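Undergrad: Below you will find the structure I want to go over with you.
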Amino acid sequence: MALEFRSVTKEFTTGTGQNLVAVNDISFRVNEGEFVSVVGPSGCGKSTILSMTAGLYQPTRGEVFVSDDLVGGPNAHVGFMLQKDLLLPWRDIVSNVEFGLEARGVAKSERRDRAMAELKRCQLSGFENHYPYQLSGGMRQRAALARTLAIKPEIVLLDEPFSALDAQTKLLLQNSFAGTISQTGKTTLLITHDLSEAVLMSDRILVLSERPGTVVAEIKVDLPHREEPLRRRVMPEVSDYAAQIFKHLKLEEKAI
Amino acid sequence: MEAGAGAPAKAAKPAMNTQRNTFLASMALLALVLLAWQFLPPALDVPKFIIPTVTDCLAEMKRMWVQEGLLGHTLSTALYTVLGFAIGSLLGAVIGYLLGMSEFWEKVLSPYILALQIAPKVAFAPLFIMWFGYNSMPKLLVTVLIVFFPVLVNVLQAMRTVDRDLVNLARAYNLSRWGIFLKVEMPSTLPNLMAGLRIASTLAVIGVTVGELVGGNTGLGFLISYGGGQANAAMVFDAIVLLTVIGFLLYTVLVRIEERVLHYLPKAQQ
Ligand SMILES: Nc1ncnc2c1ncn2[C@@H]1O[C@H](COP(=O)(O)OP(=O)(O)OP(=O)(O)O)[C@@H](O)[C@H]1O
Ligand SMILES: [Mg+2]
């Protein structure tokens, strides 16, 4: 089991001292090498799920297991990536990719080698000495993926990594991420707003309800070419899956 | 990307031209002001002890060099400006970072910081003279005090606005508290620190000058009060010009350092 949530509830104390239940009694499992997407309305606790997996906050109740270890804080199993690339503007690309390795006692020359290998995998060879401001948004996200993969995490967490990009860059980047991820065989949890993105990229989709978020549906995507969303895109089943999620999100009722 | 590499070289020429043009225009303006200064006051019958001409000032400058030990006074002022600036900004930065790391102490101390920031620091000069006597301590203290706050406030402000997600990323990578400070917070706040230092450098000259005006017998500030006492306007003008030069040099050095340190910030294209 790569990732497991056991009856996890997370409450926040708001500024006014009230309790806000972000996610309520969530349980799910992600198998090794599986690509699972989480979709749900804004504010339903998707990013909270990610932060708890990364060990940035503890659940109020319940337990999170990563690679059969109880998550008690930031740990080496998990690499995460957000909508913002979070590259350090004062470091060139290769040093940015090395950033995650520095606190883990990896020797300097090995850091450089691993970073260069990841950059190559993410098609950024030749840009290692550029600074983030010299790269396009899509390239910066690929650099962020290279940094995430450089620490060799067992699980990759992606929080809407494509949502700040234009439609074309998004398609190309989804394709390149999917290729890289299936090549490395990483277990992946993708958080997204984009229903078709979820269908194109995942093996399985978890649909969350409005806040407090709970899992309302689990949809297995039975389509080939997970490693190449551009090929999945032309399949007629894709819109059926999207319609199914749409129904679970009860978007029609809300539109009235 | 490859196509773009040639572009800066082509763009460099017009940029050089505009740079030269602005320089020439600045120089022309300076010449104009100097000419007006030289010829307008005599033409309007303004007496020399009110507004001396440029040549009067230059002659006085030469006299001061020979008779008043101008070089020594200038170097003394420059030394205390740099020293006060260095000590004050170091203290401001260190305390700014410490408070930035402790929300508790920041909250406890912030009203006092605000009060001290508003208090006119130069007004402390007579007090410092009472406490420490007519030596270089009072002017150094005034300078340190005046330099301290803009640096402290800028650093503190920047520490408060460091990207939380960046800090979380560093935490997820198992960086220690100290590691997060060194590798994320400190570099994130550098632009603000540099801006604070730039403001502080202009204030440092004011601090030293006030210190020297109020007490002591060295420095350009002393020459100003001495020249003023003798109704020697040319002497006062000369001292002011030299003080400005000192401040300007310090500021220029800082801008150069800033350009180096913050090279990674995208520059606005002309
Ligand atoms: N640190 C926090 N303190 C207090 N409340 C928080 C905190 N983090 C999140 N919340 C609250 O928890 C709820 C869920 O937030 P979360 O960021 O997980 O939503 P999300 O599903 O990722 O939304 P979006 O799709 O808009 O990104 C929100 O109502 C949010 O206001
Ligand atoms: Mg979110």
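Undergrad: Just one of (1) more than 20 Å from A:Ile155 (Cα to Cα); (2) of a type outside the set (A, V, I, L, M); (3) in contact with a Leu (Cβ under 9 Å, 6 or more places away or on another chain) trips up A:Thr180, so point out which.
TA: Here A:Thr180 meets the rest and fails (1).
Undergrad: Got a number for residues in the range A:21-42 being within 9 Å of ligand 1 (Cβ to nearest atom) and exposed (fewer than 14 other Cβ atoms within 10 Å of the Cβ)? Show your work before the answer.
TA: Filtering the range A:21-42 down to residues within 9 Å of ligand 1 (Cβ to nearest atom) leaves A:21-23, A:38, A:40-42.
In the following step, the residues that additionally are exposed (fewer than 14 other Cβ atoms within 10 Å of the Cβ) were identified as A:42.
Residues that pass the stated criteria total 1.
Undergrad: Within the range A:24-50, which residues are touching a Lys or Arg at 6+ places or on another chain (Cβ under 9 Å) and within 14 Å of chain B (Cβ to nearest Cβ)?
TA: Hit for the range A:24-50 is A:Thr48, nothing else.
Undergrad: Might you let me know whether the range A:180-189 holds any residue that is within 16 Å of ligand 2 (Cβ to nearest atom) and either within 14 Å of chain B (Cβ to nearest Cβ) or touching a residue at least 40 places away in the same chain (Cβ under 8 Å) (or both)? Walk me through how you get there before you give the answer.
TA: First, the residues of the range A:180-189 that are within 16 Å of ligand 2 (Cβ to nearest atom): A:189.
Filter once more, so that each one left must be either within 14 Å of chain B (Cβ to nearest Cβ) or touching a residue at least 40 places away in the same chain (Cβ under 8 Å) (or both): A:189.
Yes: one or more hits.
Rundown of residues vs (1) under 26 Å from A:Arg61 (Cα atoms); (2) modelled with pLDDT of 90 or more, yes/no style:
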{"residue": "A:Ile155", "(1), (2)": "yes, yes"}
{"residue": "A:Asp166", "(1), (2)": "no, no"}
{"residue": "A:Ile181", "(1), (2)": "no, yes"}
{"residue": "A:Leu208", "(1), (2)": "yes, yes"}
{"residue": "A:Glu218", "(1), (2)": "yes, yes"}
{"residue": "A:Val221", "(1), (2)": "no, yes"}
{"residue": "A:His225", "(1), (2)": "no, yes"}
{"residue": "A:Pro229", "(1), (2)": "no, yes"}
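Undergrad: Modelled with pLDDT of 90 or more, of a type in the set (Gly, Ala, Ser) and more than 17 Å from the chain's Cα centre (by Cα): which single residue out of A:Ser37, A:Ser95 fits that description?
TA: Values: A:Ser37 fails: more than 17 Å from the chain's Cα centre (by Cα).
When all the criteria are applied, what remains is A:Ser95.
Undergrad: Among the residues of the range B:96-135, which ones are at pLDDT below 90 and among the hydroxyl-bearing types (Ser, Thr, Tyr)?
TA: B:Ser102, B:Ser110, B:Tyr134
Undergrad: Just to be sure before I move on: is A:Ser7 more than 14 Å from every other protein chain (Cβ to nearest Cβ), of a type in the set (Ser, Thr, Tyr) and crowded, with 20+ Cβ neighbours inside 10 Å in the structure I sent?
TA: No; evaluated as a whole, the condition is false for this residue.
Undergrad: List pairs: first in the range B:29-47 and more than 22 Å from B:Ala231 (Cβ to Cβ), second part of a helix (DSSP H, G or I), Cβ under 6 Å, 6+ apart or cross-chain?
TA: Close Cβ pairs satisfying both conditions: B:Leu34/B:Val54.
Undergrad: From the list A:Glu118, A:Glu160, A:Glu102, pick out the single residue that is within 14 Å of chain B (Cβ to nearest Cβ), of a type in the set (D, E, K, R) and crowded, with 19+ Cβ neighbours inside 10 Å. Step through it out loud before you land on a result.
TA: On the way: A:Glu118 fails: within 14 Å of chain B (Cβ to nearest Cβ); A:Glu102 fails: crowded, with 19+ Cβ neighbours inside 10 Å.
Exactly one residue qualifies, and that residue is A:Glu160.
Residues are listed down the side, and each one gets a yes or a no for (1) outside the structural domain of B:Leu223 (by TED's automatic domain parsing); (2) closer than 20 Å to B:Leu193 by Cβ; (3) among the hydrophobic types (A, V, I, L, M, F, W, C):
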site	(1), (2), (3)
B:Gly100	no, yes, no
B:Leu109	no, yes, yes
B:Ala123	no, no, yes
B:Leu156	no, yes, yes
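Undergrad: Limited to the range A:50-83, what total is found for residues that are within 17 Å of A:Thr148 (Cβ to Cβ) and within 16 Å of ligand 2 (Cβ to nearest atom)?
TA: Quick first cut of the range A:50-83, residues within 17 Å of A:Thr148 (Cβ to Cβ) only: A:50-51, A:53-56, A:66-67, A:74-83.
Next cut, within 16 Å of ligand 2 (Cβ to nearest atom) only: A:50-51, A:53-54, A:56, A:80-83.
The total comes to 9.
Undergrad: Taking the range B:122-170, which residues are within 24 Å of B:Thr77 (Cα to Cα) and small (Gly, Ala, Ser)?
TA: Within the range B:122-170, B:Ala123, B:Ala125, B:Gly133, B:Ser136 qualify.
Undergrad: Among A:Leu135, A:Leu88, which is the only one that is touching a Phe, Trp or Tyr at 6+ places or on another chain (Cβ under 7 Å), facing chain B (nearest Cβ under 9 Å) and farther than 30 Å from A:Thr214 by Cβ? Please lay out each step first, then the result.
TA: On the way: A:Leu135 fails: facing chain B (nearest Cβ under 9 Å).
Sole residue among the options that is touching a Phe, Trp or Tyr at 6+ places or on another chain (Cβ under 7 Å), facing chain B (nearest Cβ under 9 Å) and farther than 30 Å from A:Thr214 by Cβ: A:Leu88.
Undergrad: Would you mind stating whether A:Gly17 is away from chain B (no Cβ under 14 Å), surrounded by 14 or more Cβ atoms within 10 Å (Cβ to Cβ), at pLDDT below 95 and more than 16 Å from ligand 2 (Cβ to nearest atom)?
TA: No: the conditions fail for A:Gly17.
Undergrad: Search the range A:163-189 for residues being crowded, with 22+ Cβ neighbours inside 10 Å and among the β-branched types (Val, Ile, Thr), and hand back the single one that is nearest to the chain's Cα centre (by Cα). Write out each step before concluding.
TA: Applying the first criterion (crowded, with 22+ Cβ neighbours inside 10 Å) to the range A:163-189 yields A:174, A:177-178, A:181, A:187-189.
From what's left, among the β-branched types (Val, Ile, Thr): A:181, A:187-188.
Values: A:Ile181: 11, A:Thr187: 10, A:Thr188: 6 Å.
It comes out as A:Thr188.
Undergrad: Here's another thing I want to ask about it. Are there any helices (runs of 4 or more DSSP H) wholly within the range B:167-270 with 2 or more residues that are closer than 30 Å to B:Phe128 by Cβ, and if so which? Please lay out each step first, then the result.
TA: Numbers: elements: B:177-180, B:186-214, B:220-229, B:233-261.
Once the helices (runs of 4 or more DSSP H) in the range B:167-270 are filtered for at least 2 residues that are closer than 30 Å to B:Phe128 by Cβ, what remains is B:186-214, B:220-229, B:233-261.
Undergrad: A further question on this structure: Quick check on my filter: what residues within the range A:156-201 are in contact with a Phe, Trp or Tyr (Cβ under 9 Å, 6 or more places away or on another chain) and part of a loop (DSSP other than H, G, I, E, B)?
TA: A:Pro161, A:Phe162, A:Lys186, A:Asp194
Undergrad: Further question on the same structure: Looking for something surrounded by fewer than 17 Cβ atoms within 10 Å (Cβ to Cβ) and within 17 Å of B:Asp165 (Cβ to Cβ) - is there at least one such residue anywhere in the range A:124-131?
TA: Step one: list which residues in the range A:124-131 are surrounded by fewer than 17 Cβ atoms within 10 Å (Cβ to Cβ), which gives A:125-126, A:129-130.
Checking the rest, the ones that are also within 17 Å of B:Asp165 (Cβ to Cβ) come to none.
No: zero hits.
The values are calculated or read from the model by the stated rules, or taken from the named source; none is laboratory data. Computed from a prediction, not measured in an experiment: that's the story for all the values here. Cβ: placed from backbone, ideal geometry, glycine included. Neighbour counts: every protein chain shown.
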